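So the structure is just underneath, and the comments pick up after that.
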Amino acid sequence: MVLQLYDTLTRTKQPFKPLESRKASIYSCGPTVYRDVHIGNLRTYLLADWLRRVLEAQDYQVQHVKNITDVGHMRQELLERGEDKVIAAAIAAGKTPAEIAEHYTESFLRDEKALNIKPAHEFPRATEHIGHMIEMIESLIAKELAYEVSGNVYYRVERFLGYGKLSGNTGEGLLEGVRAEADPLKENGRDFSLWKAAEKGRVAKWSSPWGDGFPGWHIECSAMSTHLLGERFDFHTGGVDNIFPHHEDEIAQSEGALGHQVVGHWVHGQHLLVDGLKMAKSTGNVYTLPQLRDRGFEPMAFRYLCATVHYRKRLNFTFASLRAASAGLSKLRQEAFQAAGANGEDTGAGDGSAWEEAFWDALKDDLHLPRALAAVWRLVRSDASPRVKTRLLRAFDEVLGLDLLPQPSEVPDAVRALIDERQELRRREDFVPADALRKRVEDAGYEVRDVREGLAIVPRATSAPSDMGVLHSSDDVPSFLEQPDEFDFSVILTGRDDLEGLRRAASAVLAQSDRHRLELIVVDNGSSDGTGDWLFELTQQDDRVRAITCDHNIGTGAARNCGLRAAKGTIIVLLDTSVEPTDEFLTPIAAALEDGTTGIVGPFGVNSEDMREFEDAPGPEVDAVEGYLMALRRSLVREVGLMDEKFRFYRHLDLDYSLAIRERGYRNRIVPDLPLRRHAHTDWERTPEDERDRLSKRNFYRFLKKYGHSTDLLLAKST
Ligand code: AMP
Ligand code: ZN
């Protein structure tokens, strides 16, 4: 199958037919360097990058040109949006227009680099091609497609019959006078500027056959694209806002001047929205890449996020989705790393051609990156051999550009020295200082893993503020405990390798969100059954959901604490997958917690006579509420503290926490008749019998040691 791409001009998917065999040329509308590029612009540049990488991986020799608009005042709308204030301020501070442009060009190039966007082969600056623009304007005048009035040149739109073919907009609807002001010099309101006479006092101006002036914006791309890529080239990319008038006018100019079709494929990326809204200074929702970084996100998380949404769909950017993307990326890197680190035996199934096919089918079908990414996930979770996985991941990453596999050569010498030193300490079994060095290596952004071939150094996934990567300790979750409530309820759902149960419970909880202000925090305690993918998608689709992925080894107590630290609700409801709310369950819980002397509430409780044996109890007051569903006020967590993380298995953890709360003088109570359905307790069922005996016993003795002598805390003794 050949690459099929949607073409804006024909409004159909078209097979790619290169103009020249094994070659492909791309022209991308680039930035206006009088302001910072924002993440929406970067989404569009990522699209061009993926297009290029796909072509290169298909052995096309690609020539990529991306222009830099460094004549700020070419962009009338910059003035209309008031963005020239920035420019005016810079000029007032003594900067020249060229210095301002240089400053923003540099930060644009930095952003592209941080996102692993391959630099275009050429970045033509508009100011360096004024001569070519003038030539093209002259030839348009010669063909009577343009006319001059008092030092201004306009395109005569009615003379170009194809006007409107790209956008469907012929410009007739644009009533003169509706826009800022009518230009009395134009023959027709639809005509657009090719050259503008310089007003008095203008700094950025050039001499021309029509006097001093400056070019209109659209002519820039016509002149530079055909000058650098030839009279015909394969692809032209941009965002959908470029379709009209920019690209419509570009077609009129280029085809008008050359007399034939110039662009083979018009590729336009849909917009990125922020929190569902168009990005705008006035809304205060314009984000730049450095701002994402300031919030602790690795730029590559944004690249991953963009890969999860097809380029012709709007991408709704939220920090929750970025967080989820970041977690997805680190998990994928970890899987890739494990495959690369495993020994070389070819044990698994297949030569990988099925995965290769799935990956390429997706990309050839209009650059379907989300499907390609899904194929990558299926591959890493398949039983393909590590060697096949590694080979394919390396090849796939040439296209994805996600830095999935470690690049040892890129580790700085200073980090290498730390690692060598650490190795030496470990050899001497000086584990404490060795550990301190590991921390320093991590702070430098790297991670050391012991693999069969020795040591592997990988870039540390990310250090974003929360929900990030796979957590190895609850301390990795920033605590919101001291921060004000933002929701009425935080429902914390924990589970491991129980996708069905998590899905069931999550949708039951979310069904309640019409009635309550709630957040759902899903703590995936080290699943390997596809829970990660599902959770990632869920957080993508649903802003109310946050995902925390932690290593299974941190244990149940710590996993629950991850949720407790992250929660921002007045009331916290801890759930596991063995219960499924079937109807409104939060109101009765809130009612039961209204009394300030109440500690934990829940549907199931137990009492004991001796701290050794606990029996189901009907309530209303009980010694302990069972962990399947426990609810309490968040303020109480602040007072009593988090759960005891030494309880690594779930048993007795609930009793321990319940008694800690009784110790403070609160009463634990049953909420009768909560609408719930019970399901098997997977944590119990999936733990092998000898293992669960061992873990249960350990928890039992730990609990007994703490509370064995405090039987006066029990209801049976205190009455
Ligand atoms: P500009 O600097 O406004 O010319 O934009 C540079 C590129 O980013 C153009 O191709 C635009 O179409 C594209 N673009 C602008 N805003 C967005 C957005 N919100 N989402 C995606 N692309 C955008
Ligand atoms: Zn352009």
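P(r) tail for the stretch 470-718, what percent of Cα pairs lie past 22 Å?
Here the long-distance tail beyond 22 Å is 51 percent of all Cα pairs in the stretch 470-718.
Give the long-range amide H neighbours of Phe317: residues separated by 5 or more places, or on another chain, with amide H under 5 Å away, using H modelled in the peptide plane at 1.01 Å from N.
The list, which skips near neighbours in sequence, is Leu273, Val274, Asp275, Gly276.
Quick check: pseudo-label points 7 Å beyond the Cα along Cα→Cβ at Glu158 and Ile91, how many nm apart are they?
Placing both labels 7 Å along Cα→Cβ, they lie 3.7 nm apart.
In whole Å, what is the distance between the alpha-carbon centres of the stretch 196-234 and the stretch 263-301?
29 Å
Rg/Rh for the stretch 100-157: what does it come to with C-alpha atoms and Rh from Kirkwood?
Using Cα coordinates only, the ratio equals 1.21.
Amide H of Thr598 versus every other amide H placed in the peptide plane: which residues, excluding those fewer than 5 positions away on the same chain, fall under 5 Å?
Arg667
Hey, which lysines would be in cross-link range of Lys200, C-alpha to C-alpha under 23 Å, not counting anything within fewer than 8 residues on its own chain?
Lys85, Lys95, Lys186
May I ask you to evaluate 6.51 cos²θ - 1.76 cosθ + 1.60, the Karplus curve with θ = phi - 60°, for each residue of the stretch 476-482 and list the ³J(HN,Hα) values in order in whole Hz, giving x for glycine and proline?
For the stretch 476-482, the Karplus-derived couplings read 6, 8, x, 8, 9, 4, 8 Hz, x marking Gly and Pro.
Quick one: angle between helix 431-443 and the longest Cα principal axis of the chain, in degrees between 0 and 90, rounded to 10, please.
Helix 431-443 sits at roughly 30 degrees to that axis.
Please determine, in degrees from 0 to 90 and to the nearest 10, the orientation of helix 689-707 with respect to the longest principal axis defined by the Cα atoms of the chain, where the helix direction is its Cα long axis.
70 degrees
Treat each spin label as a single point 7 Å out from the Cα along the C-beta direction, and report the Lys717 to Thr318 distance in nm.
That separation, rounded to one decimal, is 4.9 nm.
To the nearest 0.05, what FRET efficiency results for Val432 and Glu584 with a Förster distance of 51 Å applied to their C-beta separation?
0.45
Could you report the chain's accessible area per residue, 1.4 Å probe, as an integer in Å²?
43 Å²
Taking the mean number of other Cβ atoms within 10 Å as a proxy for protection, how do you rank 417-428, 657-668 from highest to lowest?
Working: 417-428: 15.0, 657-668: 19.9.
Highest mean packing first, the order is 657-668, 417-428.
Carbon and sulfur: what percent of the chain's accessible surface (1.4 Å probe)?
Working: 14790 of 31210 Å².
Answer for the chain: carbon and sulfur cover 47 percent of the accessible area.
List the extent of the Cα atoms of the chain along each of their three principal axes, largest first, rounded to whole Å.
Between the extreme Cα coordinates on each principal axis of the chain lie 103, 59, 50 Å.
Give the calculated FRET efficiency between Glu56 and Asp551 to the nearest 0.05, with a Förster radius of 56 Å applied to their Cβ-Cβ distance.
That gives a FRET efficiency of 0.90.
Starting from the alpha-carbon convex hull of the stretch 478-576, give the projected area averaged over all orientations, in nm².
5.8 nm²
Which of the lysines could a cross-linker bridge to Lys697, judged by Cα under 18 Å and excluding same-chain residues fewer than eight apart?
The reachable lysines, counting only those whose Cα sits under 18 Å from Lys697, are Lys646, Lys705, Lys706.
Taking a cut-off of 16 Å between Cα atoms, list the lysines near Lys313, but don't count ones fewer than 8 places away on the same chain.
Within reach: Lys13, Lys278.
For the stretch 6-74, run through the trypsin sites (Lys or Arg not before Pro) and keep only the ones in DSSP coil with at most 13 other Cβ atoms within 10 Å of their Cβ.
Hits after loop and neighbour filter: Arg11, Arg22.
With everything on Cα atoms, drop me the angle between helix 499-510 and the longest principal axis of the chain, reported from 0 to 90° to the nearest 10.
80 degrees
As a check on your grasp of the helix formula, calculate [θ] at 222 nm for the chain: sum -39500 (n - 2.57) over DSSP H runs of n ≥ 4, divide by the residue count, round to the nearest 500.
So the helix-based figure for the chain works out to -12000 deg cm²/dmol.
Amide H of Gly495 versus every other amide H placed in the peptide plane: which residues, excluding those fewer than 5 positions away on the same chain, fall under 5 Å?
Val523, Asn525
Restricting to DSSP loop positions (anything but H, G, I, E, B) with no more than 11 other Cβ atoms inside 10 Å of their own Cβ, which trypsin sites (Lys or Arg not before Pro) remain in the stretch 480-547?
Counting only loop positions with at most 11 other Cβ atoms within 10 Å, the trypsin sites (Lys or Arg not before Pro) in the stretch 480-547 are Arg515.
Give me the one-decimal nm value for the distance between modelled label points at Leu19 and Ser207, 7 Å along each residue's Cα-to-Cβ direction.
3.4 nm
Rounded to the nearest 0.05, what FRET efficiency do Leu258 and Glu398 give with R0 = 51 Å and r taken as the Cβ-Cβ distance? Could you check?
Plugging the Cβ-Cβ distance into 1/(1 + (r/R0)^6) gives 0.90.
Pull out the extension gain between Asp413 and Glu689, defined as 0.36 nm times the separation in residues minus the alpha carbon to alpha carbon distance; nm, one decimal.
94.5 nm is the gain from fully extending Asp413 to Glu689.
The values are calculated or read from the model by the stated rules, or taken from the named source; none is laboratory data. Every value quoted in this text rests on a predicted model; they were computed, and no experiment measured them. In this analysis, Cβ positions are derived from the backbone assuming ideal geometry, glycine residues included, and neighbour counts consider all displayed protein chains. Side chains included, ligands, DNA and RNA excluded: accessible areas come from the protein's heavy atoms. Shrake-Rupley method; radii C 1.70, N 1.55, O 1.52, S 1.80 Å.
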